[in-house]
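All of the numbers you see were taken from the coordinates with simple rules; none came from a lab. Model, not experiment: these values are computed from the prediction. So basically every Cβ, Gly included, is an ideal-geometry build from the backbone, and we count neighbours across all protein chains shown.
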Amino acid sequence: MSKNLFLERSATTYGGRDGVIKNTQSGLQVEMTKPLEMGGSNPTGTNPEELFSMGYSGCFASSLEYLLSVDKVSYQEIVVNVNTQLVSDEQGGFKFALQVHARIKGLTSEQETQYIQKAFQFCPYSKAIKGNIDISFI
């Protein structure tokens, strides 16, 4: 545990791709089901790739919101879509590749690009995956 701890949350997964994830803070419980591409038969649950997309999208949007707020920049809306792909790696396993589509309505194209680049340097998810995941901004 860091001596400068700001926030801590945890979750527990019971089972694998056909299991359940429980968040210990909010009590949120999410059913996971194996994707059809992996031999699953029930596509109604979620999976780690969807959860990663949700987490990264939320963290990146929150980073944009924070940076714009600190700089007192007015904007209309922040929209961040993250597409997480599971791709093969060089060791015969898998890794993530991300496509990020971030938009800040109400800014010029130049301002938007500037803040997206700043958010990529600031966002804790971005810092965690830097150099480990292929990321493209579209």
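One table, with the values for the structure above:
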{"item": "For peptides 106-112, 70-76, sequence by mean Cβ density within 10 Å, most packed first", "result": "106-112, 70-76"}
{"item": "DSSP-loop GluC sites (Glu not before Pro) across the stretch 29-95, with at most 10 other Cβ within 10 angstrom", "result": "90"}
{"item": "For the chain, with +1 on Lys and Arg beta carbons and -1 on Asp and Glu, the positive-most of 91, 79, 5 along the dipole", "result": "5"}
{"item": "Net +/- balance of residues flanking residue 124 in space, Cβ distance below 13 Å, scoring K and R +1, D and E -1", "result": "+2"}
{"item": "Debye, to nearest 20: dipole size of the stretch 48-137, +1 on Lys, Arg Cβ, -1 on Asp, Glu Cβ", "result": "240"}
{"item": "Whole-number Å³ per residue for the convex hull built on Cα positions in the chain", "result": "159"}
{"item": "Extension gain (nm, one decimal) between residue 105 and residue 36, 0.36 nm per residue minus Cα-Cα", "result": "21.3 nm"}
{"item": "Convex hull projection area averaged over all views, the stretch 1-46, Cα basis, nm²", "result": "4.4"}
{"item": "Karplus 3J(HN,Hα) series, Hz, for the stretch 37-54 with 6.51 cos²θ - 1.76 cosθ + 1.60 (x for Gly, Pro)", "result": "5, 9, x, x, 10, 10, x, 7, x, 9, 8, x, 5, 5, 5, 5, 4, 5"}
{"item": "Cα long-axis angle, helix 109-122 against the chain (0 to 90 degrees, to the nearest 10)", "result": "50"}
